[in-house]
Amino acid sequence: MARPKKSDEMYDVVIAGGGYVGLSLALALKQGDPGLKCAVVDPKPMNTLDRDPRASAIAAAASRMLTQLGIWDKISDKGQPINEMIVTDSKLRDAVRPVFLTFDGEATDGEPFATMMPNGVMMPALYKAAKALGTVFFAPNSAATFRNNPDHVDLELNDGKVLKTRLLIAADGVRSKLRDLAGIRTVNWDYKQSGIVTTIKHERPHNGRAEEHFLPAGPFAILPLPGNRSSLVWTERTSDADRLVRSDDFTFELELERRFGHHLGTLEVDGPRQAYPLGLKLAREFVKSRFALIGDSAHGIHPIAGQGLNLGFKDVAALAEVIIDARRLGQDIGAFDVLERYQRWRRFDTFQMGVVTDVLNRLFSNDIDLLRAARDFGLGLVDRMPSLKSQFIKEASGFAGPVPKLLSGDPI
């Protein structure tokens, strides 16, 4: 049996996962220290990134980071700023859905608190910028196993190649293989819900308004895209979601119309529909010696607050700052005491957001009249308190808590 081929080159950082989080971390590190040797491993070919039909809500803080990284100005015209958001709470059969809470869409004057950006625009831009700065890519390929040594990690890939690195970073998603290989346990449970994601066309313009309708099965979010199009994140019980995704177009659009309503005119599905199981998964540790978790590998939360991706961007900004600061001080970037700074910075904020989304989902995903009356009273109260609404906008914009330099739009 052939022995794995071991690379003689030592990388400073190897990132397993070439999604939003992995690519933006590679770019941030190379921009902060061009001499840092960085590699990215991902199972999909990098030339297919523009085929992702989904879209993501990019918070204001994340867009500041991407501006600093030289990305946002190149792609911002392809996105749709969220100018307003409304929240309703009703039963599916209700003819009228009263609005209990409204937000204007600005974090600061002229700066939207979030922008909807097509994944097929953002991902190739991140890849091209990271590659232009010298990031090495091993794709399509994926991590098979790794072994810690005193001064480096040996990462074996599926093709038998072994990479040597001072720091291995797992950005390989909520079902992270590397997290399990590192022996990091998680707090997790299944919501018995799935999120249906698709894109729709509608007859009338949305004027940049996002809508979140709390229905008994879960939140139904309508997020504006450029033109008369919107991205849908539709939460249903898992059995119902599977049935809807498998159904014919007529049945799916009929059920969609019952939830969406007629305020934007005729609806038409404009992309593939997919269902993703929803649950809460929080890593008990974010770091070990020469190993760190970022993005969904560290935390998977309910999409009810739309903060999953932006938590990942916060991880990127914090970890990049910790690594670059350590490099400037001549410290070992893979040492546990260095990585512990990142863990202290991010773990509490992540657990806090996980608890908040869990409580919100349990509070709103039900059909109990007494509970509905109480929560609608609470929503109405918040709507009448400008200071509290401002705090919600600050949280949604990504500016709550200690903010890393990149999220403030400053260089590391």
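The values are calculated or read from the model by the stated rules, or taken from the named source; none is laboratory data. Everything quoted here is computed from the prediction, not taken from an experiment. Every residue, glycine as well, gets a Cβ built from its backbone with ideal geometry; the counts of neighbours run over all protein chains shown.
Annotations
- Residue pairs meeting the criteria (Cβ under 6 Å; at least 6 apart or on separate chains; first at positive phi, in segment 241-263; second surrounded by fewer than 17 Cβ atoms within 10 Å (Cβ to Cβ) and modelled with pLDDT under 90): none
- Residue check, ASP248 of a type outside the set (S, T, N, Q) and in the same structural domain as THR145 (by TED's automatic domain parsing): no
- All conditions in (1) touching a strand residue (DSSP E or B) at 6+ places or on another chain (Cβ under 6 Å); (2) in the same structural domain as GLY308 (by TED's automatic domain parsing) hold for GLN352, with the sole exception of (1).
- Count of residues meeting criterion [within 15 Å of ILE196 (Cα to Cα) and either in contact with a Leu (Cβ under 8 Å, 6 or more places away or on another chain) or in a helix (DSSP H, G or I) (or both)] in segment 263-272: 1
- From the options LEU309, LEU278, LEU282, residue that is part of a helix (DSSP H, G or I) and either in contact (Cβ under 8 Å) with a residue 60 or more places away in the chain or not acidic (Asp, Glu) (or both): LEU309
- Flag for ALA217 being in contact with a Lys or Arg (Cβ under 9 Å, 6 or more places away or on another chain) and closer than 30 Å to PHE146 by Cα: no
Conditions tested, residue by residue: (1) under 18 Å from SER176 (Cβ atoms); (2) outside the structural domain of GLN68 (by TED's automatic domain parsing); (3) touching a residue at least 24 places away in the same chain (Cβ under 8 Å); (4) among the hydrophobic types (A, V, I, L, M, F, W, C).
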{"residue": "ASP270", "(1), (2), (3), (4)": "no, yes, yes, no"}
{"residue": "GLY295", "(1), (2), (3), (4)": "yes, no, yes, no"}
{"residue": "ILE324", "(1), (2), (3), (4)": "no, no, yes, yes"}
{"residue": "LEU329", "(1), (2), (3), (4)": "no, no, no, yes"}
{"residue": "ARG347", "(1), (2), (3), (4)": "yes, no, yes, no"}
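- Tally, over segment 397-412, of residues that are of a type in the set (A, V, I, L, M) and either surrounded by 19 or more Cβ atoms within 10 Å (Cβ to Cβ) or not in a loop (DSSP other than H, G, I, E, B) (or both): 3
- In segment 208-222, the count of residues that are closer than 21 Å to MET116 by Cα, surrounded by fewer than 20 Cβ atoms within 10 Å (Cβ to Cβ) and modelled with pLDDT of 95 or more is one or more.
- Options ILE324, ILE333; residue that is modelled with pLDDT of 90 or more, part of a loop (DSSP other than H, G, I, E, B) and either among the β-branched types (Val, Ile, Thr) or surrounded by 20 or more Cβ atoms within 10 Å (Cβ to Cβ) (or both): ILE333
- One residue stands out among those in segment 89-103 that are under 23 Å from SER387 (Cβ atoms) and touching a residue at least 60 places away in the same chain (Cβ under 8 Å): the one that is surrounded by the fewest Cβ atoms within 10 Å (Cβ to Cβ), which is THR102.
- Note on segment 285-306: residues that are under 26 Å from PRO150 (Cα atoms), in a helix (DSSP H, G or I) and among the aliphatic types (A, V, I, L, M) total 0.
- Selection count, segment 33-74, where residues are more than 15 Å from the chain's Cα centre (by Cα) and among the small types (Gly, Ala, Ser): 3
- Identity of the residue in segment 154-189, surrounded by fewer than 23 Cβ atoms within 10 Å (Cβ to Cβ) and polar (S, T, N, Q), that ends up nearest to VAL41 (Cα to Cα): ASN158
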